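Everything below concerns the one structure shown next.
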Amino acid sequence: MKVSEIVIATGGKLISGDETMEITGFSQDSRQAEVGMMYIPIIGERYDGHDFIESAFTNGASAIITDRLIEDDKHVVILVDNTLKALQKMAHYLRKHRKVKVVVGITGSVGKTSTRDMVYSVVKQQYKTLKTEGNYNNNIGLPLTILRLKDEEVMILEMGMNHLNEMEELSRIACPDISAITNVGTAHIGELGSRENILKAKLEIVAGMSDGSTLVINGDN
C-alpha cells in the first residue's frame with residue numbers, strides 16, 4: 001500500500017514522510033521491522049507497542065502509525081485515533097481495493113486449521129493463493145494476514161472468536177465471498193454460556209458477506 005492509501009483508509013494525518021512511498025510489509029512486532037515496512041504499535045493488556053517505536057526504527061522500520069504525537073522527520077509517521085482500529089481499516093481497504101477473485105472465511109469449534117490447509121492445497125493448484133499462517137485468526141492476526149496480499153487471486157482466511165461480536169468484526173474486515181462453519185462444539189462455552197450462543201457467534205461470519213455469497217455448514221451438526 002502507498003502511504004497516501006493508508007492515510008485515506010485510516011482517516012489519519014500524515015505528520016512526516018513521503019505520501020507516495022510504497023510500504024512493503026506490516027508488523028506489530030518491532031523486532032521484525034525492516035526497511036520498507038510499517039510498524040503498528042498495538043496497546044495490549046501487558047505491553048504498549050508505542051514503547052517500542054524507537055526499537056522498530058532502529059531495526060529498520062520506514063513508517064509507523066501512532067495514536068501519540070511524536071517528533072520525527074526521518075520516517076513516515078501517520079497519526080491515528082486508535083492503532084488497532086487503523087490496522088483493521090487498512091486491511092478492509094486493501095481487501096476492497098485489490099483485485100481478489102475470491103475470499104474464503106473458515107471458522108468452527110474444531111477443524112479450522114486443517115480445513116483451511118485442505119482448501120488451500122486445492123485452490124493453489126489453479127490460483128495464486130494467500131492463506132492464514134499459524135494462529136493469525138483474531139482481530140490482529142486476520143488484518144495482518146490480509147495486509148500480506150501482493151498479487152494473489154484468492155485468500156483463505158481462518159477466523160476465530162471467543163466472545164459474541166468478535167466474528168462479526170472479522171467478517172466486516174474480510175468480507176468473505178465463501179464462508180464455512182466446520183462445526184459448532186463446546187469450545188469457549190465458559191465465555192459464551194451455551195452451545196446456542198456459540199452457534200450465534202459462529203453465524204456472525206455472514207455479517208460482512210454480500211448478497212449472493214455462499215455459506216457452507218455442517219449438515220450433521
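The values are calculated or read from the model by the stated rules, or taken from the named source; none is laboratory data. For clarity, every value in this text was computed on a predicted model and none was experimentally measured. As a convention, Cβ positions derive from the backbone with ideal geometry for all residues, glycine included, and neighbour counts pool all protein chains shown. Ligands, DNA and RNA are excluded from the accessible area calculation, which covers all protein heavy atoms including side chains. Shrake-Rupley method; radii C 1.70, N 1.55, O 1.52, S 1.80 Å.
If you average the C-alpha positions of region 92-109 and of region 145-175 separately, how far apart do those two centres end up, in angstrom?
When both Cα centres are located, 6 Å separates them.
Write down the Kirkwood hydrodynamic radius of the chain, to one decimal in angstroms, obtained as one divided by the mean of 1/r over all alpha carbon pairs.
18.1 Å
How large is the charge dipole for region 59-161, taken about the Cα centre, if only the Cβ atoms of Lys, Arg (+1) and Asp, Glu (-1) carry charge, to the nearest 20 debye?
480 debye
In deg cm²/dmol and to the nearest 500, what is the mean residue ellipticity at 222 nm of the chain if only DSSP H runs of at least 4 residues count, each as -39500 (n - 2.57), divided by the residue total?
-8500 deg cm²/dmol
How big is the dipole moment of the chain about its Cα centre under a simple scheme where the beta carbon of each Lys and Arg is +1, that of each Asp and Glu is -1, and everything else is neutral? Debye, nearest 20, please.
680 debye
What's the local net charge at THR145, with K and R +1, D and E -1, over the other residues with C-beta under 13 Å away?
Overall, the nearby charge balance is +2.
Using a probe of 1.4 angstrom, how much of the accessible area of the chain is carbon and sulfur, in percent?
49 percent
With a 1.4 Å probe and every protein chain left in place, work out the accessible area per residue of the chain in Å², rounded to a whole number.
Dividing the accessible area of the chain by its residue count gives 51 Å².
For region 73-124, compute Rg over Rh where Rg is the Cα radius of gyration and Rh is the Kirkwood radius from the inverse mean 1/r over Cα pairs.
Using only Cα positions, Rg/Rh for region 73-124 is 1.15.
Take the residue pairs LYS101/LYS150; LYS2/LYS99; LYS85/LYS150; LYS128/LYS202 and return only those whose Cα atoms are more than 25 Å apart.
LYS128/LYS202
Report the paramagnetic label zone for LYS128: residues of region 140-175 whose backbone N is under 12 Å from a point 7 Å from Cα along the Cα-to-Cβ axis.
The answer is 149-154, whose backbone nitrogens lie closer than 12 Å to the label point.
Give me the mean projected area, in nm² to one decimal, of the convex hull enclosing the Cα positions of region 100-183.
Averaged projected hull area, Cα only: 4.9 nm².
Quick one: work out Rg over Rh on the C-alpha atoms of region 155-221, Rh as Kirkwood radius.
0.95
If N is the number of residues in region 46-98, what value comes out of its Cα radius of gyration divided by 2.2 N^0.38 Å?
Here the Cα radius of gyration is 1.24 times the empirical estimate.
Which order do you get for TYR127, TYR47, TYR93, TYR39 if you rank them by accessible area with a 1.4 Å probe, largest at the top?
TYR47, TYR127, TYR93, TYR39
Projecting each Cα onto the charge dipole of the chain (Lys/Arg +1, Asp/Glu -1 at the beta carbon, about the Cα centre), which of ILE42, GLN88, VAL154 comes out farthest on the positive side?
Selected residue: VAL154.
Determine the relative contact order of region 85-221: mean sequence separation of Cα pairs under 8 Å and six or more apart, normalised by residue count, in whole percent.
31 percent
Considering region 1-121, what Rg and Dmax in Å follow from its alpha-carbon atoms?
Gyration radius and largest Cα-Cα distance of region 1-121: 16.0, 48 Å.
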